[in-house]
Amino acid sequence: MGRMNNRMVTRFQCYARQISGGVGGAIIGAAALMAGILPSYATADPAEQEVGERAEERWGALRDGDFEGAYFMTSPSFRSATTYEQFRNRFGGSVRWKDAEVMDTQCENERCTVYVALSYEVIGQPFGNTRTIKETWIHSRGEWWHHPN
């Protein structure tokens, strides 16, 4: 946990310096992060930034019931082995996603691991839950794709 927190602070400081310059930028950027102006995955690494944005876009599609949009964000290799109908049937109708927030993105070469805080409710139950899930994203054909396990 400490390693990830230190990494996030270091990555954020780099991002803050990039947008505002110098030590003052780090202070301004930290204030912006605390105020919720910048996403929690804000980073100076372009791949991590892009994957974080794509992951949030994918979860937005799932939350909104746009399963086709989410399907077309999966890797070409996944889509070649899984039809849209099979993908859609994975979700059933027992869960409603309320919110998803990318907490961290870690990339090495052509592969990224994304940690997402996912809030959901079970249909027919008076309660919801939030848990952190881990996703894999791969770079292929010039694009980042979610690669379901």
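The values are calculated or read from the model by the stated rules, or taken from the named source; none is laboratory data. Predicted model only: the values in this text are computed from it and were never measured. For neighbour counting, all protein chains shown are included, and Cβ atoms are generated from backbone atoms with ideal geometry for every residue, glycine included. Please note that ligands, DNA and RNA were not included when accessible areas were found on the heavy atoms of the full protein model with its side chains. Shrake-Rupley method; radii C 1.70, N 1.55, O 1.52, S 1.80 Å.
A few remarks follow.
- Verdict on THR132 being among the polar types (S, T, N, Q) and open to solvent by less than 20 Å² (accessible area, probe 1.4 Å): no
- Close pairs (7 angstrom Cβ cut-off, 6 or more residues apart or separate chains): under 20 Å from THR136 (Cβ atoms) in region 78-101, open to solvent by 100 Å² or more (accessible area, probe 1.4 Å) anywhere: TRP97/ARG63; ALA100/ARG63
- Considering (1) surrounded by 12 or more Cβ atoms within 10 Å (Cβ to Cβ); (2) modelled with pLDDT under 95, the lone condition that ARG141 does not fulfil carries the number (1).
- Output for region 80-107, where each listed residue is in a strand (DSSP E or B) and either small (Gly, Ala, Ser) or under 14 Å from GLU135 (Cα atoms) (or both): ALA100, GLU101, VAL102, MET103, ASP104, THR105, GLN106, CYS107
- Qualifying positions in region 62-79 - open to solvent by less than 60 Å² (accessible area, probe 1.4 Å), in a helix (DSSP H, G or I) and closer than 13 Å to PHE91 by Cα: LEU62, PHE67, ALA70, TYR71
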